[in-house]
Structures are given as structure tokens and as C-alpha cells.
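First comes the structure, then the notes that go with it.
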Amino acid sequence: MKLKSLIAAASLAALGTAAMAEGPVKVGMITTLSGGGAGLGIDVRDGFMLAAKMAGNDNLSVVIEDDQRKPEIAVQLADKMIQSDKVDVLTGIIWSNLAMAVVPAATAQGKFYLSPNAGPSALAGKGCDKNYFNVAWQNDNLHEAAGGYANSAGFKNSFILAPNYPAGQDALTGYKRLYKGGLAGEVFTQLGQKDYASEIAQIRASGADSVFFFLPGGMGISFLKQYADSGLDLPVVGPAFSFDQGILQAVGDAAMGVKNTSQWNKDIDNAANAAFVTAFQAEYGRLPSLYASQGYDTANLLLSAMAKADVGDADAFRAALMAADFDSVRGDFKFSANHHPIQDIYVREVIKEGDVYTNKIIGTALEDHSNVYVDECKM
């Protein structure tokens, strides 16, 4: 079925509400489109733009720039978008260190920021802001779910590792929050690291019965391939970020059977998700990833707010965002008091469908899960 037909069949409601929008909204999207991690930003962009196309709302315009995964570039782009492009809303950032460089200054200038990915704890707790909404998760969440799964799997002595930046620190904190076993080792790697021979040697010597790691993008590809080649056969668990659709094709058989945690998968059974998966494949010729689903939901959240309020009325627009009156690909979705999702988080297993590596849901790790920083947030 062509995308035009899909839009007509699946997006009638979105088109109807979009037509009620009060006025134009200009979005500045700062995301990673080149270098390491570019696939993540490309997927967020493609998911966001697909939702915009399906809605057909002429009042929405988007300016897109590449941050090159560099905080200083992200800051320069945000300044340009706010001061010269006169955007109303910012979005797109993948990496938590870039979010920390951009978001506080943007919200201090009265701009709305909708995060389609990064959810550092500093922006969920004392650094929260009334104009900051995270549409993906709080950084700890998927790692908390992995810790809970580790308990059910009987792991007693995990070796844990992550890159040394805000999301990596949140990852290990989240895993340890729910994991009840001991630690055979805890290591922070370098952001962007590609050689894990030293870490794998430490795992081998540690007496661990399992490995938890958070290494997004190319870092995870490198680690998993080297881990498979090492001959170690300890069970591995992690968040979706190293087992997502684009990454799995590069990892290949080394990822087969690995359990990972995610708030989304292509087999979540609801009409919005089915329409999204089909439309994304029709538009881009590939299966959507977790990041694409987050970009898609971010756009639909924005469109739902546009249908209710003018962005020039900040209080009304903020209330419309908080209502989250849209059909999420995840099913049930609402915001906690600190503007982070309350949602189910699943356990997935890496499988192969024909020649394509992908995931299937095998259980629910956490139901209606929020985050531990809500009480620290004083808006």
C-alpha cells in the first residue's frame, strides 16, 4: 500500500485535529546526523517528519541541523535557532551531555523543549523546568527494568559497564537501583570507545555470572562483536539502545537471543503502532527503530498541543502538552509531575525474521513506571 493511502486510512483523526490548530509553530531540531551515532539522529528525524507528513498540518514548520555529537556545536545551533530563526519549540537531541548544554538555557529563554531521547536525571529532579517535556523516558528507566529482569533471571553477580557521561552514569545507577545481586565489577568506559579488550579481560577474570552494559550506537556494535569473538558465554542483558533495529543489522549473530529492555517494539498491539510501522516501512524502506518511534511520538504530542492552544499562550500550550492527548505507539502514555513518561517497559529478545535481525517482546518488566526524581522537582 502506498504511503498516501496509509495516511488517508490511518491518520484521519490526526488530520482533523491538526486543522483546528490556532497558529503556526516553528520547530528547531538539533540532532546527530553525521559521525558516530548518526543513525540514532536520522531515525529520530525520520520518525518526527513522518508524523508531520501524515498530519499534513501547514502550521508546522521544522528547521533541522546536525550537532555532530559536539556540545559546543549544539549550543551554537540552539542560539541561532532561538535568536535568528525564531523557533517556538526545540527538539531532537540524542546525547545527554548535549542536552545538558542546551536545554537549561533554552527553557530559561521561554522556549519549549520536547526531548525525543536524552533524559538525564539532572533535568528530571532539581533541574526540571515547566517548559521541558521528555517524550522518551528518564535515563534510568530502561536500566531499572534490566535490573529487575536480572533478578528474575537469577543473576547474582553482574559485571556492569557504561560510558562515562551523564546517561552512562544514570544507566549504572538505574540498574543497581532494582538489581538485588552483587557486583563482580563496575567500569566506566570512554564515550566513543571502540576497543574493549581490556574490559572483556576484566569480565573474564571477575567471576561474574552475567554482564549488563549500556553502550549506545557504534560502541555497542564494537563491544558485542568483540565479546562474541572472545569466547565468553556469560549471559548479557542491556537496554534497547545496543539492540535496536539499525544496530542489530551491524551486530549480526552476536546479538541473537540477548534480552534487552524497551518501552517500545514493533509488535506492541495497538492501531497507532501498526499504522506507524507500516507507514515508516513504506516511506523509508526499512523497519523503524526505538528512536524512530520516539521521534514519531514527539511530533504527535506537539501536534496534539497545537490542536488545543496557540504556542504564544505559553500556559495554555504547556497544559495541552501535559495532557498528552494523542495516540502513542506505546499505547498508554501520560506524563508524571516532572514531565517524564509513565509507561510500561518490556523485556525483548533478539530474533531473526528471514534475513532481518529484530526483537520480539517476551514479557513486561515494569508496569506504569515513572521515575524516582519526581519529588525533587519543584516547578
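The values are calculated or read from the model by the stated rules, or taken from the named source; none is laboratory data. All of these numbers come straight from a predicted model, not from anything done at the bench. Cβ: placed from backbone, ideal geometry, glycine included. Neighbour counts: every protein chain shown.
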Residue check, Ile94 under 16 Å from the mean Cα position of the chain (by Cα) and not polar (S, T, N, Q): yes
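Kindly indicate whether any position in the stretch 364-371 is touching a helix residue (DSSP H, G or I) at 6+ places or on another chain (Cβ under 7 Å) and of a type in the set (A, V, I, L, M, F, W, C).
Yes: one or more hits.
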Residue list for the stretch 246-304, filter: crowded, with 21+ Cβ neighbours inside 10 Å, more than 25 Å from Leu232 (Cα to Cα) and charged (D, E, K, R): Lys266, Asp297
Members of the stretch 60-77 found to be touching a strand residue (DSSP E or B) at 6+ places or on another chain (Cβ under 6 Å) and not acidic (Asp, Glu), listed by number: Leu60, Ser61, Val62, Val63, Ile64, Ala74, Leu77
Residue within the stretch 260-282 that is at pLDDT below 95 and not charged (D, E, K, R) present: no
Among the candidates Ala208, Ala162, residue that is out of contact with any Lys or Arg (no Cβ under 6 Å at 6 or more places or on another chain), buried (at least 21 other Cβ atoms within 10 Å of the Cβ), hydrophobic (A, V, I, L, M, F, W, C) and in a loop (DSSP other than H, G, I, E, B): Ala208
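I need the helices (runs of 4 or more DSSP H) fully contained in the stretch 44-133, keeping only those with at least 1 residues that are without any contact (Cβ under 8 Å) to a residue 60 or more places away in the chain and charged (D, E, K, R). Show your work before the answer.
Details: elements: 71-83, 96-108, 121-124.
The helices (runs of 4 or more DSSP H) meeting that bar are 71-83.
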Residue among Ala51, Ala101, Ala105 that is touching a helix residue (DSSP H, G or I) at 6+ places or on another chain (Cβ under 6 Å) and either over 21 Å from Pro216 (Cβ atoms) or modelled with pLDDT under 95 (or both): Ala51
Pick from the stretch 305-318, criterion in a helix (DSSP H, G or I) and of a type in the set (D, E, K, R), ranking: surrounded by the fewest Cβ atoms within 10 Å (Cβ to Cβ): Asp315
Test: residue in the stretch 342-353 that is modelled with pLDDT under 95, in contact with a Leu (Cβ under 8 Å, 6 or more places away or on another chain) and under 28 Å from Tyr149 (Cβ atoms): no
Filter result (part of a loop (DSSP other than H, G, I, E, B) and either modelled with pLDDT under 95 or surrounded by 20 or more Cβ atoms within 10 Å (Cβ to Cβ) (or both)) within the stretch 166-192: Tyr179, Leu191, Gly192
Boolean, Ala320 is more than 26 Å from Tyr149 (Cα to Cα), more than 21 Å from the chain's Cα centre (by Cα) and not β-branched (Val, Ile, Thr): yes
Residue, nearest to Gly285 (Cα to Cα), within the stretch 36-94, restricted to residues that are surrounded by fewer than 21 Cβ atoms within 10 Å (Cβ to Cβ) and among the basic types (Lys, Arg): Lys53
Some residue of the stretch 352-362 being more than 21 Å from Ala51 (Cβ to Cβ), in the same structural domain as Ala299 (by TED's automatic domain parsing) and in contact (Cβ under 8 Å) with a residue 60 or more places away in the chain: no
